[in-house]
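Worksheet: the structure to be examined is printed underneath.
The values are calculated or read from the model by the stated rules, or taken from the named source; none is laboratory data. This is a predicted model, so every value here is computed, not measured. Note that we place each Cβ from the backbone using ideal geometry, even for glycine, and neighbour counts take in every protein chain shown. Ligands, DNA and RNA are excluded from the accessible area calculation, which covers all protein heavy atoms including side chains. Shrake-Rupley method; radii C 1.70, N 1.55, O 1.52, S 1.80 Å.
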There are 2 protein chains.
Amino acid sequence: MNEFSIIEKFFVKKKNRPDVSIGIGDDGAIVSVPMNHELVITTDTLVNNIHFDEKTSPENLGYKSLAVNLSDLAAMGATPAWFTLALTMPQVDENWLTEFSHGLFDLANAFHVQLIGGDITRGPLSITIGALGFVPNNGALLRSTAKAHDNIYVTGTLGDAGFSLKNLDFARTRLDRPTPRVHEGEKLRGFAHAAIDISDGLVSDLGHILEKSQKGAIIFVDQIPLSDTLRALSLDKVLPYALASGDDYELCFTMDENKKPPIECTLIGKITEDAGLRLEFSDGKKYDGKVDGYQHF
Amino acid sequence: MNEFSIIEKFFVKKKNRPDVSIGIGDDGAIVSVPMNHELVITTDTLVNNIHFDEKTSPENLGYKSLAVNLSDLAAMGATPAWFTLALTMPQVDENWLTEFSHGLFDLANAFHVQLIGGDITRGPLSITIGALGFVPNNGALLRSTAKAHDNIYVTGTLGDAGFSLKNLDFARTRLDRPTPRVHEGEKLRGFAHAAIDISDGLVSDLGHILEKSQKGAIIFVDQIPLSDTLRALSLDKVLPYALASGDDYELCFTMDENKKPPIECTLIGKITEDAGLRLEFSDGKKYDGKVDGYQHF
């Protein structure tokens, strides 16, 4: 198979969004952004043996490659619309491509996003997806707009993905098939002051909000939402995962303390005028466990 | 250095386009597409030892990674505006990053395109750029709209890039620093019926126009424009390069035979109602040399 027949067999789908004039098959794709909306763009790469390994099925890999990008759009409050796929692989393996594309389109179809182009090249396995969406003008959620006294919330539960990486008998669903919080992000427009998705760990990602907003925060570590499995273990054991392990793809956002969030979420702390991140228990005791963010290098 | 300090040191530039609300540094970038314009998107990957090797300097690699993408936008008649960079590299080499970013921004600045985001990951060296631009509504140049009796033109000269790959004492400028025909593409809007950029070789790329337009063509091989260096050699020797070697990044376009092209270019053939591509000399003699397009797998 050559590049063109691979694309035709595995990646060209008949369903087309009405805002796509030209999809796969020309030098570029042509799409229309709705009136009074801005375009939001994000891109993420997954590299073999760095971001995934042989324990990740091709199907889950296809799913996750798109999920991490939709999660970034969700963190901006954007409505996802289209994506590109740059797929580098050592050889043409039709079984692998079948499974990979199934996982990819499972998620694409769930959120009505259309593959509009890409590049297929030979080389060490790696997947770069570019995802595009839109927000009403000036409606995006940013990292830089947290305000002092804001409440800090997170969606879902934290730590499961990281815990499953280190504890091999634990289900890897959260790690392999994270749910991008797209609908939650959209609902937060007009409510949240600042938002980010938790890909590198709560402390690290909330740190970006604090740095860009020039604020500090206090997190009540015993208020961090945990899955039943993690809650059954000692807090000492699970807090390092909940605070610092990545790949959860939940949203962390800040909101006026007098307003009620429009989505299911958990209050975990407060934004402070003073810089720095304090980790405490609700009774005021300082948390003194070790906390690392994911280091890309 | 970690991902964030690498981005800060080598990739964040102070110059910002007015249509960029949020560039590097949030979960995604936010940009505005002008009223009554469509968005054009393309993406291309360059992989170490496949698309380039140790003879390509980091500076030229930075330049070329963007050039191949701007060339795709040019082939659509689009005005380039923004790009994303997904850079995967085995380790942090500050000298390499300095040179790479110089080459990249040399070209970006020349065409006023802004880097708005990306991803930096560890792994085998590979560069995926996503480039975005815009065209007036319904103004894009497509592959699918060639008409019978159209003249076929190409910009510049063909075969130099491929010739330099095989003849090591020949200057590699055309191979390493191709000029994306952005201004030519823009000027062809409203004139050309169909267009493509020559990345895989004239026969292969014109073949896409023919397939998508459901037409055929005749190319007069002795009318293909050649550089002085190639013209000094025997036609037998250079035609395989001019017809079938890639990496020239010139535009090939078709136009009403009664209209005059608005740019410098060379007439090389005609679109025919009958399918198939005929390669002939101007005196009617059939060209019987071997012709291959670049095979990605």
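Out of (1) surrounded by fewer than 21 Cβ atoms within 10 Å (Cβ to Cβ); (2) within 23 Å of B:L125 (Cβ to Cβ); (3) touching a strand residue (DSSP E or B) at 6+ places or on another chain (Cβ under 6 Å), the odd one out for A:F111 is which?
(2)
Quick check on this structure: which one of A:F100, A:F105, A:F4, A:F11 is open to solvent by 30 Å² or more (accessible area, probe 1.4 Å) and farther than 22 Å from B:L85 by Cβ?
Unique residue meeting the criteria: A:F4.
Just name the residue that is most open to solvent (accessible area, probe 1.4 Å) out of those in the stretch A:257-286 that are part of a strand (DSSP E or B) and touching a Lys or Arg at 6+ places or on another chain (Cβ under 8 Å).
Per the criteria, the residue is A:K286.
Restricting attention to the stretch A:44-81, which residues are within 26 Å of A:G156 (Cα to Cα) and part of a strand (DSSP E or B)?
Matches in the stretch A:44-81: A:D44, A:T45, A:L46, A:F52, A:T79, A:P80, A:A81.
Here are A:E94, A:E59, A:E54: which of them is touching a Gly at 6+ places or on another chain (Cβ under 8 Å) and charged (D, E, K, R)?
A:E59
Can you name the condition, by its number, that A:C252 falls short on among (1) farther than 25 Å from A:R172 by Cα; (2) in contact (Cβ under 8 Å) with a residue 12 or more places away in the chain?
Exception for A:C252: condition (1).
Would you confirm whether any residue within the stretch B:106-114 is modelled with pLDDT under 95 and either not basic (K, R) or not in a loop (DSSP other than H, G, I, E, B) (or both)?
Looking through the stretch B:106-114, none of the residues is modelled with pLDDT under 95 and either not basic (K, R) or not in a loop (DSSP other than H, G, I, E, B) (or both).
Every residue in the stretch A:234-248 that is free of Cβ contacts under 8 Å to residues at least 40 places away in the same chain and part of a helix (DSSP H, G or I), please.
The answer is A:L235, A:K237.
All but one of (1) among the small types (G, A, S); (2) at the interface with chain B (Cβ under 7 Å from one of its Cβ atoms); (3) under 30 Å from B:T145 (Cα atoms); (4) open to solvent by less than 10 Å² (accessible area, probe 1.4 Å) hold for A:A81; which doesn't?
The number of the failed condition is (2).
Considering only the stretch A:21-47, how many residues are of a type in the set (V, I, T) and surrounded by fewer than 19 Cβ atoms within 10 Å (Cβ to Cβ)?
Selection size over the stretch A:21-47: 1.
So which residues in the stretch A:92-108 are among the acidic types (D, E) and under 8 Å from A:Y63 (Cα atoms), if there are any at all?
Of everything in the stretch A:92-108, just one residue is among the acidic types (D, E) and under 8 Å from A:Y63 (Cα atoms), namely A:D106.
Can you find a residue that is under 22 Å from A:R177 (Cβ atoms) and either aliphatic (A, V, I, L, M) or under 23 Å from the mean Cα position of the chain (by Cα) (or both) anywhere in the stretch A:282-297?
The answer is yes; a qualifying residue exists.
State which residue pairs qualify: first residue more than 18 Å from A:N258 (Cα to Cα) and inside the stretch A:189-202, second residue open to solvent by less than 30 Å² (accessible area, probe 1.4 Å) and of a type in the set (S, T, Y) in any location, beta carbons under 8 Å apart, and separation of 6 or more residues or different chains.
Partner pairs satisfying both residue conditions: A:D197/A:S71; A:D197/A:Y249; A:I198/A:Y249; A:S199/A:S71; A:S199/A:Y249; A:G201/A:S245.
Would a scan of the stretch A:223-240 turn up a residue that is over 27 Å from A:L46 (Cβ atoms) and among the small types (G, A, S)?
yes
Given the criterion touching a residue at least 40 places away in the same chain (Cβ under 8 Å) and more than 9 Å from every other protein chain (Cβ to nearest Cβ), identify the matching residue among B:E38, B:E54, B:E99.
Selected residue: B:E99, the only one of B:E38, B:E54, B:E99 that is touching a residue at least 40 places away in the same chain (Cβ under 8 Å) and more than 9 Å from every other protein chain (Cβ to nearest Cβ).
Based on this model, can you work out whether A:V68 counts as more than 7 Å from chain B (Cβ to nearest Cβ) and open to solvent by less than 40 Å² (accessible area, probe 1.4 Å)?
yes
On the given criteria, is A:D288 modelled with pLDDT of 95 or more and either of a type outside the set (A, V, I, L, M) or in contact with a His (Cβ under 8 Å, 6 or more places away or on another chain) (or both)?
For A:D288, the condition - modelled with pLDDT of 95 or more and either of a type outside the set (A, V, I, L, M) or in contact with a His (Cβ under 8 Å, 6 or more places away or on another chain) (or both) - is not met.
Being at pLDDT 95 or above, crowded, with 19+ Cβ neighbours inside 10 Å and at the interface with chain A (Cβ under 7 Å from one of its Cβ atoms) is the requirement here; does B:L73 meet it?
yes
How many residues are away from chain B (no Cβ under 14 Å) and over 15 Å from A:A78 (Cα atoms) when one looks only at the stretch A:130-188?
Summing the residues that are away from chain B (no Cβ under 14 Å) and over 15 Å from A:A78 (Cα atoms) in the stretch A:130-188 gives 33.
List pairs: first in the stretch B:103-129 and within 7 Å of another protein chain (Cβ to nearest Cβ), second of a type in the set (D, E) and surrounded by 22 or more Cβ atoms within 10 Å (Cβ to Cβ), Cβ under 6 Å, 6+ apart or cross-chain?
The qualifying pairs are B:D119/A:D44.
What are the residues in the stretch A:84-96 that are assigned to a helix (DSSP H, G or I) and either touching a residue at least 40 places away in the same chain (Cβ under 8 Å) or open to solvent by less than 10 Å² (accessible area, probe 1.4 Å) (or both), if any?
Within the stretch A:84-96, A:E94 is the sole residue that qualifies.
Among residues belonging to the stretch A:11-44 that are in contact with a helix residue (DSSP H, G or I) (Cβ under 9 Å, 6 or more places away or on another chain) and hydroxyl-bearing (S, T, Y), point out the one that is nearest to B:D119 (Cα to Cα).
Checked the stretch A:11-44; the qualifying residue nearest to B:D119 (Cα to Cα) is A:T43.
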